[in-house]
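Remarks on the structure that follows.
The values are calculated or read from the model by the stated rules, or taken from the named source; none is laboratory data. Keep in mind it's a predicted model, so treat the numbers as computed, not measured. Don't worry about glycine lacking a Cβ; one is built from the backbone with ideal geometry, like all the others, and counts go over all protein chains shown. For accessibility, only protein heavy atoms count, side chains too; no ligands or nucleic acids. Shrake-Rupley method; radii C 1.70, N 1.55, O 1.52, S 1.80 Å.
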Amino acid sequence: MPVGKHLMAGEWVAGEATFANPPVEGDVDLFPGGTLEHVSAAAAAAEDAFWSFGNSPRSDRASFFRAIADQVGVRDDEITETGKTETGLPEARLNGERSRRVGQLRLFADHIEAGGYLDRRHDEAMPECPPLPRPDLKTVRRTVGPVAVFGANSDRTPSIRRFLRPICYQNMPNALRPSDLA
């Protein structure tokens, strides 16, 4: 059963205004609409999360993505059934999409642990370099803050998360139930 609320800073929040989301089969669900206050609160929560999550050890971030993949696997039948009811897509297609997503999450976890995305570089000092000496230069890529995505489908979420940024995310209305479950 869908929660039907917005998840912000670990709390489920509902607005007063709702909209109907009629699935292909079954009863119509009502979901809360977002307000400007919700968007502001979500952006502030993402900024707060950036400082802790973005600076956590790579092993912790990789474990986080693997835990998400594990939980999707635990709820696979429920997610597939809900997706069939809401979208009318065949079970085989939904199972394939879910398996692809779980695989992506595990690959992102491996990518995070390997650290290649940091693009670390070290150019050693060259004191005799004409016309001026070159200093010792070290660079590493770092995230700079949260990302906001509105109206994107769920295919983009892991791609954004792989850059290790907390996100404000608005899902497409035709995939609300599976998103609630995941």
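Nonpolar atom fraction for region 18-159, defined as the carbon and sulfur part of the 1.4 Å probe accessible area, stands at 57 percent. Summarising the label geometry, the points placed 7 Å from Cα in the beta-carbon direction at ARG120 and TRP12 lie 4.3 nm from one another. Length gained on full extension, ASP110 to ALA43: 21.3 nm, using 0.36 nm per residue less the C-alpha separation. Of LEU36, LEU30, LEU89, the order by accessible heavy-atom surface (1.4 Å probe, DNA, RNA and ligands excluded), from most exposed downward, is LEU36, LEU30, LEU89.
State whether region 1-70 is rounded, prolate or oblate according to the following rule on the C-alpha gyration tensor (a ≥ b ≥ c being the square roots of its eigenvalues): a/c under 1.5 gives rounded; otherwise a/b larger than b/c gives prolate, and the remaining case gives oblate. Working shown, then result.
On the way: a/c = 4.12, a/b = 1.58, b/c = 2.61.
Oblate shape, in that a/c is at least 1.5 and b/c is the bigger or equal ratio.
I'd like the FRET efficiency for GLN71 and ARG142, computed as 1/(1 + (r/R0)^6) with the beta carbon distance as r and R0 of 25 Å, rounded to 0.05. Could the numbers behind the result be given before it?
Details: r = 28 Å, r/R0 = 1.14.
With a Förster radius of 25 Å, E is 0.30.
A cut-off of 5 Å between modelled amide H atoms, ignoring neighbours fewer than 5 places along the same chain, links MET8 with VAL13.
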